[in-house]
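Visitor: Structure in structure tokens, see below.
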Amino acid sequence: MRYSLRQLEVFLAIAMHGNITKAADQLAMSQSAASDSLKELESRLDIQLFERTGKRLKINPRGKALQEQAQELIQRAIRLEENFLGAEVIDEITVGATLTIGNYMAVPIIAAFRNKHNDARVSLKVSNTERIADMVASFKLDVGLIEGEINREELEFIPIQQDELVVFCAPDHPLAKTRTLSDEELINAEWIVREAGSGTRQTFERAMHGIFPQLNFVLELQNMESTKKAVQAGLGIACLSRITIGEELEKKQLIELKVPHRDFTRQFYAVVHKNKYRSTTINEWLHFCAQPELHLATPH
């Protein structure tokens, strides 16, 4: 065999960090040893895996091809070791979640997961849909939990929960007493919207098909709490997941605006790389994500 599993581990760590020093720190080895390991791997395979730009290493197309296969091989080696130890080991998992899921759904899932597996370690990264998908695709995350609709052939999407967006305003807004909003009222309103690339924005654009270019955006925000505060301050109307504004709606701090002729429903997904080896930990996490009692979203 022309390579070792350790060399592949070093390669994967460098691919993740783009830096030999950080990769060496992760693997508890010296920088020179990590550098020598990469050089030997490239020499044995007779290919260059990275483009060198100063101290920064950028993985090239041949490196990306090896990355997917190496990741799967390392995961299988870990599972083989688990089997020899005679135990199904639940250890560490890195999870990415979009803002809505990360702030309102992920914590109950993590709590239930760790309640059953006390030694499990869960690392949670919160970002928008596109960023989470990119990190799963590059093996920087084991699993992503997303609310957006994206087309990535290398990823598998597993439905976990239904959701719906709600159009809302402040109690003293002129539209607050309107029974249902027409397209004309939607077009004439001043809107506070989430940023492009977020799952909420994608669903909103789909729901407003045909009139979206005519809508009047006065603010574009990356934070749900900022969006709610801007609406409460009377700066406009907005559209967020029901799961994020349920408490404010119940207390009448925000008012739901009915738009029955527009479809604001959407699907939450768990996303994994098709070439990612499904360890016991990953399979157990996906099982917990599928438990409806852990989902706080309750569309009406």
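Visitor: Residues in the stretch 241-268 that are over 18 Å from E185 (Cα atoms) and not in a loop (DSSP other than H, G, I, E, B): how many?
Guide: 14
Visitor: Does E147 meet the test of being acidic (D, E), touching a helix residue (DSSP H, G or I) at 6+ places or on another chain (Cβ under 9 Å), within 21 Å of E248 (Cβ to Cβ) and surrounded by fewer than 21 Cβ atoms within 10 Å (Cβ to Cβ)?
Guide: Judged against the criteria, E147 is not a match.
Visitor: Additional query: Under 8 Å between Cβ atoms, at least 6 apart or on separate chains: pull out the pairs that start in the stretch 116-139 with a residue that is among the charged types (D, E, K, R) and end on any residue that is in a helix (DSSP H, G or I).
Guide: Every condition considered, the pairs that remain are K125/I132; K125/M135.
Visitor: Looking for something assigned to a strand (DSSP E or B), over 18 Å from F204 (Cβ atoms) and within 16 Å of the chain's Cα centre (by Cα) - is there at least one such residue anywhere in the stretch 134-141?
Guide: no
Residues checked against (1) more than 24 Å from G102 (Cα to Cα); (2) aromatic (F, W, Y):
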site	(1), (2)
H209	yes, no
P213	yes, no
F217	yes, yes
K228	no, no
A233	yes, no
E247	no, no
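Visitor: I'm told E250 meets every condition in (1) more than 20 Å from R131 (Cβ to Cβ); (2) touching a Leu at 6+ places or on another chain (Cβ under 8 Å); (3) exposed (fewer than 14 other Cβ atoms within 10 Å of the Cβ) except one. Can you identify the failing condition by its number?
Guide: (2)
Visitor: What do you reckon, is H287 within 30 Å of S138 (Cβ to Cβ) and buried (at least 21 other Cβ atoms within 10 Å of the Cβ)?
Guide: no
Visitor: Considering each residue of the stretch 228-250, count those that are under 20 Å from E164 (Cβ atoms) and out of contact with any Lys or Arg (no Cβ under 7 Å at 6 or more places or on another chain), and give that number.
Guide: Selection size over the stretch 228-250: 14.
Visitor: Can you go through A77, A13, A24, A65 and tell me which one is in contact (Cβ under 8 Å) with a residue 24 or more places away in the chain and surrounded by 13 or more Cβ atoms within 10 Å (Cβ to Cβ)?
Guide: A77
Visitor: When only residues in the stretch 187-225 that are surrounded by fewer than 13 Cβ atoms within 10 Å (Cβ to Cβ) and in a helix (DSSP H, G or I) count, which is modelled with the lowest pLDDT?
Guide: Filtering first and then ranking leaves E225.
Visitor: Here's another thing I want to ask about it. Can you spot a residue in the stretch 256-279 that is over 16 Å from E164 (Cβ atoms), modelled with pLDDT under 95, of a type in the set (G, A, S) and surrounded by fewer than 17 Cβ atoms within 10 Å (Cβ to Cβ)?
Guide: Scanning the stretch 256-279, I find no residue that is over 16 Å from E164 (Cβ atoms), modelled with pLDDT under 95, of a type in the set (G, A, S) and surrounded by fewer than 17 Cβ atoms within 10 Å (Cβ to Cβ), so the answer is no.
Visitor: Next question. Quick one: is A137 out of contact with any Phe, Trp or Tyr (no Cβ under 9 Å at 6 or more places or on another chain) and among the aliphatic types (A, V, I, L, M)?
Guide: yes
Visitor: Oh, and also: Are there any pairs, at least 6 apart or on different chains, whose C-beta atoms fall under 7 Å, with the first in the stretch 179-207 and of a type in the set (A, V, I, L, M, F, W, C) and the second part of a helix (DSSP H, G or I) and surrounded by 14 or more Cβ atoms within 10 Å (Cβ to Cβ), and if so, which?
Guide: I192/T227; I192/A230; I192/V231; V193/R201; V193/F204
Conditions (1) touching an Asp or Glu at 6+ places or on another chain (Cβ under 6 Å); (2) closer than 19 Å to Q253 by Cβ; (3) assigned by TED's automatic domain parsing to the domain that holds A133, marked per residue:
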| position | (1), (2), (3) |
| --- | --- |
| F157 | no, no, yes |
| A170 | no, yes, no |
| T178 | no, yes, no |
| N188 | no, no, no |
| W191 | no, no, no |
| G197 | yes, no, no |
| T200 | no, no, no |
| F217 | no, no, no |
| M224 | no, yes, no |
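Visitor: Which condition does T180 not pass, out of (1) within 19 Å of the chain's Cα centre (by Cα); (2) surrounded by fewer than 20 Cβ atoms within 10 Å (Cβ to Cβ), if it passes all the others?
Guide: The number of the failed condition is (1).
The values are calculated or read from the model by the stated rules, or taken from the named source; none is laboratory data. In this text the structure is predicted, and so the values were computed from the model without any measurement. Positions of Cβ are backbone-derived with ideal geometry, glycine not excepted, and every protein chain shown enters the neighbour counts.
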